[in-house]
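Beneath this line is the structure, given in structure tokens, with notes to follow.
The values are calculated or read from the model by the stated rules, or taken from the named source; none is laboratory data. Worth saying up front: this structure is predicted, and the values here are computed from it rather than measured. Heads up, the Cβs are rebuilt from the backbone with ideal geometry, glycines too, and the neighbour counts pull from every protein chain shown.
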Amino acid sequence: MLETPARTPWTRVPYRWYTDADVYAREQERIFRGRAWNYAALACEIPSHGDFKTTTIGDAPIVLVREKSGAINAFENRCAHRGVAFCYTAHGNAKAFQCPYHQWTYDLKGKLIGVPFRNGIETLGGGMPAEFNLADHPLARLNVAQRNGVVFVSFHDDMEPLEDYLGPAMVPYFDRIFDGRELKLLGYERQVIESNWKLYMENLKDPYHASLLHVFFATFGLFRFDQPAWCTMDETGGHSVMAVAARSAEATEATKGMKSFRSDLKLAGPELIQPVPEFPGKAIGVMQTLWPNLIIQQQSNTLATRQIVTKGPNSFELHWTFFGFADDDDEMTSRRLRQANLVGTSGYVSIDDAEVLEFSQKGATPYPDNEGVLEMGGIETDDQEHHITEVPVRAFWRRYRDVMEA
Amino acid sequence: MIQRVEALYYDYAQAIDEEVERWPDLFTEDARYRVTSRENYDRNLPLAPIYCEGRGMILDRAMAVRQTTVYATRFMRHAITNVRITESPDGSIAARANFAIYETFEDTITRLFAVGRYIDTIVPSGDILLFRDKLCILDSNVVIGSLIYPV
């Protein structure tokens, strides 16, 4: 059996946690439908009264809709009658939601307002019992929290405010991108990756791999060990920031140890990686992971939320929502669109990650009793001022164990 | 003219599938090349997973497939059909076509990878035809894995 170091259990990861159906079911209950604020949307996706979109939290389909007051409501996409996922279009505008099966109808607050033939037909009979009360059968609502145009939902009834959930170490990074300016939706990318969802979270918490796996990053100086960089976590370990400052594409002492640094390669279209500074502070790239399903990406000037949607233990979907700001000029919008080539379903660096995650799943699946080792940068979970480390991954597993083993 | 345009499409398919280094040669110097999803196209959202302005960026896409990207070895096969054209007085050709792309790994059976349509502008350049604008719209909003090769 496993010999997990007792004091620092987060330095080991049993491979069954990536493949086991019972572990997966417990994650749905404890993590995604448990005590968490899950990312659900950008508010600019549903700007007007009646605008709705569907999305998925863990395994659970939900509907988000903006009501007349401007508030955003969230429901399980599940008719109170027979459990039908009643909303079967990805986005649109509705005055009310009507289930297609028996036409039970709900208002934008989720209240049941219509049941066809509730009183039967006078000459034939039928209908619901006299004591059937519409008010007892609303859609199941989720709690909603918003901060500066980002919408989070929770299945848990007693959530702390979003700001407390993020914690004082994470809020400033969140507000660095989402500073209150109006957001502009640029578009979506979606992909299905045949690996466990946690491998993706780990990937965005693992600066050690970035200079080694990603030839494009190393060669063109976007993310490299010899740049000023740091890793910051919240108190729980579940949220983290990987940040890097100042590009360098020249060969240095550090690049000698990097097979991924290819001094022979040049870009024919170098405008791809000519960023302009736009956010406070010295970081040029920040990846912020928020427990349990969100990565906020600032890679130079390309901005996106990456939402993890689980699809069983061996598969997940990644939903990318690219955005800019309503006050961007055309040149900035073009720059964001060009730089989007770096990331996403055809990203110069993201492809490597999606492929390697599938290799991880393939390698780990036959060996549930083996385990991964996480000791780069030490065995603890404190903040570090460099990227030759796996410390945010260790912190993630500390939170994971706290939630799953509680 | 339709035969010449079809010949360009067939050459395009062969270039991607068998000699991707040659694929940028089928574009003009100022060409735009984009691959997007049905969802982005239908909603007029400008984001495209592959977004190249000018042949430099197109060349970099081909370079990345060969030099910088880490991926499991695979073989792509494009089938391009339903080519229709409209000729303009300025000599350019508006063309539309459908595509199906199959993907084969070293150790698996072949699978259908993507289906969609092209909305293109083609121009004569000397004796040959080149793409000046190529928009590839994937029918599915969800990519199986990643878009590694051009579409």
Considering only residues that are part of a loop (DSSP other than H, G, I, E, B), in contact (Cβ under 8 Å) with a residue 24 or more places away in the chain and more than 25 Å from A:Phe316 (Cα to Cα), which ones fall in the stretch A:80-96?
A:Ala80, A:His81, A:Ala94, A:Lys95
Checklist (1) surrounded by fewer than 23 Cβ atoms within 10 Å (Cβ to Cβ); (2) part of a strand (DSSP E or B) applied to A:Ile308, failing item:
(1)
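Out of the stretch B:68-96, which residues are of a type in the set (Gly, Ala, Ser) and either within 23 Å of B:Asp127 (Cα to Cα) or in contact with a helix residue (DSSP H, G or I) (Cβ under 7 Å, 6 or more places away or on another chain) (or both)? Give the derivation first.
Initial filter on the stretch B:68-96 (of a type in the set (Gly, Ala, Ser)): B:72, B:79, B:88, B:91-92, B:94-95.
Answer for the stretch B:68-96, where residues must be of a type in the set (Gly, Ala, Ser) and either within 23 Å of B:Asp127 (Cα to Cα) or in contact with a helix residue (DSSP H, G or I) (Cβ under 7 Å, 6 or more places away or on another chain) (or both): B:Ala72, B:Ser88, B:Gly91, B:Ser92, B:Ala94, B:Ala95.
Filter the stretch A:169-208 down to the residues that are assigned to a strand (DSSP E or B) and not aliphatic (A, V, I, L, M), then identify the one that is farthest from A:Thr302 (Cα to Cα). Give the steps one after another, and end with the answer.
In the first step, residues of the stretch A:169-208 are kept if they are assigned to a strand (DSSP E or B); the result is A:183-193.
From what's left, not aliphatic (A, V, I, L, M): A:184, A:187-191.
Numbers: A:Lys184: 13, A:Gly187: 12, A:Tyr188: 13, A:Glu189: 13, A:Arg190: 16, A:Gln191: 18 Å.
The qualifying residue farthest from A:Thr302 (Cα to Cα) is A:Gln191.
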Scan the stretch A:343-380 residue by residue and report those that are surrounded by fewer than 23 Cβ atoms within 10 Å (Cβ to Cβ), of a type outside the set (Phe, Trp, Tyr) and without any contact (Cβ under 8 Å) to a residue 24 or more places away in the chain.
A:Glu355, A:Lys362, A:Gly363, A:Pro366, A:Gly378
From A:Gly167, A:Gly114, residue being in contact (Cβ under 8 Å) with a residue 24 or more places away in the chain and either surrounded by 13 or more Cβ atoms within 10 Å (Cβ to Cβ) or small (Gly, Ala, Ser) (or both):
A:Gly167
Among the numbered conditions (1) out of contact with any Lys or Arg (no Cβ under 8 Å at 6 or more places or on another chain); (2) part of a helix (DSSP H, G or I); (3) over 30 Å from A:Phe325 (Cβ atoms), tell me where A:Ala354 comes up short.
(3)
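I'm checking my understanding of the structure. Among residues of the stretch A:311-347 that are among the hydrophobic types (A, V, I, L, M, F, W, C) and assigned to a loop (DSSP other than H, G, I, E, B), which one is farthest from the other protein chains (Cβ to nearest Cβ)?
Step one: filter the stretch A:311-347 for residues among the hydrophobic types (A, V, I, L, M, F, W, C), giving A:316, A:318, A:320, A:322-323, A:325-326, A:332, A:337, A:340, A:342-343.
So of that shortlist, the ones also assigned to a loop (DSSP other than H, G, I, E, B) come out as A:326, A:343.
Numbers: A:Ala326: 14, A:Val343: 9 Å.
Of everything passing the filter in the stretch A:311-347, A:Ala326 is farthest from the other protein chains (Cβ to nearest Cβ).
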Does the stretch A:214-242 hold any residues that are away from every other protein chain (no Cβ under 12 Å) and either aromatic (Phe, Trp, Tyr) or surrounded by fewer than 23 Cβ atoms within 10 Å (Cβ to Cβ) (or both), and which are they?
A:Gly221, A:Phe223, A:Phe225, A:Asp226, A:Gln227, A:Pro228, A:Trp230, A:Thr232, A:Asp234, A:Glu235, A:Thr236
Please find, within the stretch A:251-280, the residue that is modelled with the lowest pLDDT out of those that are under 24 Å from A:Val343 (Cβ atoms) and more than 14 Å from every other protein chain (Cβ to nearest Cβ).
A:Ala254
Which one is nearest to the other protein chains (Cβ to nearest Cβ), of the residues in the stretch A:356-386 that are in contact with a Gly (Cβ under 9 Å, 6 or more places away or on another chain) and more than 30 Å from B:Thr108 (Cβ to Cβ)?
A:His386
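If I go through the stretch A:25-44 residue by residue, how many of them are out of contact with any helix residue (DSSP H, G or I) (no Cβ under 9 Å at 6 or more places or on another chain) and either over 19 Å from A:Asn73 (Cα atoms) or not in a helix (DSSP H, G or I) (or both)?
As a first pass, look at the stretch A:25-44 and keep what is out of contact with any helix residue (DSSP H, G or I) (no Cβ under 9 Å at 6 or more places or on another chain): A:25, A:28-29, A:32-33, A:39-44.
Applying the additional criterion that residues be either over 19 Å from A:Asn73 (Cα atoms) or not in a helix (DSSP H, G or I) (or both) yields A:25, A:28-29, A:33, A:39-42.
So the answer is 8.
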Can you work out which of the residues in the stretch B:35-77 that are closer than 19 Å to A:Trp320 by Cα and more than 9 Å from chain A (Cβ to nearest Cβ) is surrounded by the fewest Cβ atoms within 10 Å (Cβ to Cβ)?
B:Asn44
Cβ pairs under 6 Å, 6+ apart, first in the stretch B:21-33 and of a type in the set (Gly, Ala, Ser), second in a helix (DSSP H, G or I)
B:Ala31/B:Arg55
Residue list for the stretch B:100-124, restricted to those being hydroxyl-bearing (Ser, Thr, Tyr) and modelled with pLDDT under 95:
B:Thr108
Need the failing condition index for A:Ser211 against (1) over 19 Å from A:Thr302 (Cβ atoms); (2) among the small types (Gly, Ala, Ser); (3) within 13 Å of chain B (Cβ to nearest Cβ), just the number.
(3)
